Every structure is written in C-alpha cells, then in structure tokens.
Amino acid sequence: MFLEIVTPEETLYGNEIKYVKVPGSNGQFGVLKNHAPVISTLEKGQIKVEEKDGTKKFFDIKGGVIEVLNNNIIILLKL
C-alpha cells in the first residue's frame, strides 16, 4: 500500500506501508492491504504508520480527510 499525507502547502509523508491507524470521526480505525474503498473525516488525534520494515511513525493532527482506494491512501490534513 502507498500512503501519502499532505497539507495544502506540502507533502509530509509518502511511502509504502503495511498498516495505518487514524482517528476517524466515529472512532479510530486501521487500514491494511486490500481494504475496502472508504472516505472519512478525521478528528484531532494521532496517525500511527507501520512501514514495511516494521518502523513506526506518528503524526499528531488537528483533523482532515482520508481516502482509501486500490491500496492507495491519501490523507489531507487541516492546518
């Protein structure tokens, strides 16, 4: 899966990953390979990313939107 985390000004992250967990508006949820297509708003919280080599990265966010489609994930963040 490829994950891209962007703001209107810059790309914060772009890499192949194994897993991502996000703070959805109706609670946290995770995305693994071959996840069903989804679009959801995100609340203030933390994004947890697990890369293919097992490295974990964390991003504190104020909110945004996530789109999952065909093993591509785009997260648009509020400033």
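Read the figures in this text as sums done on the coordinates, not as results from a lab. All values derive from a computational prediction rather than experimental measurement. When we count neighbours, we look across all protein chains shown, and the Cβ atoms used for this are built from the backbone with ideal geometry, even at glycine.
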Looking at Gly64, Ile47, Ile75, which one has the Cα that reaches farthest to the positive end of the dipole of the chain (charges on Cβ: Lys, Arg +1; Asp, Glu -1)?
Ile47
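Mind pulling the per residue volume of the convex hull built on the Cα atoms of the stretch 4-48? Å³ is fine.
Numbers: hull volume 4.0 nm³, N = 45.
Output value, Cα hull per residue: 90 Å³.
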The stretch 28-79: relative contact order in percent, alpha carbon pairs under 8 Å with at least 6 residues between
36 percent
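Find me the longest stretch of the chain that has none of the exposed trypsin sites (Lys or Arg not before Pro), where exposed means in a DSSP loop (not H, G, I, E or B) with at most 14 other Cβ atoms within 10 Å. Please list the in-between numbers first.
Numbers: sites that count: Lys33, Lys44, Lys52, Lys62, Lys78.
Segment 1-32 is the longest.
Would you mind working out the magnitude of the charge dipole of the stretch 2-77 relative to its Cα centre, with +1 at each Lys and Arg C-beta and -1 at each Asp and Glu C-beta, to the nearest 20 Debye? Could the numbers behind the result be given before it?
Details: 9 positive and 10 negative charges, 62 e Å.
Here the size comes out at about 300 debye.
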Could you calculate, for the chain, the ratio of the Cα radius of gyration to the Kirkwood radius, expressed as Rg to Rh?
0.92
In terms of Cα to Cα distance under 21 Å, which lysines are near enough to Lys33, apart from those fewer than 8 places away along the same chain?
Lys18, Lys21, Lys48, Lys52, Lys56, Lys57
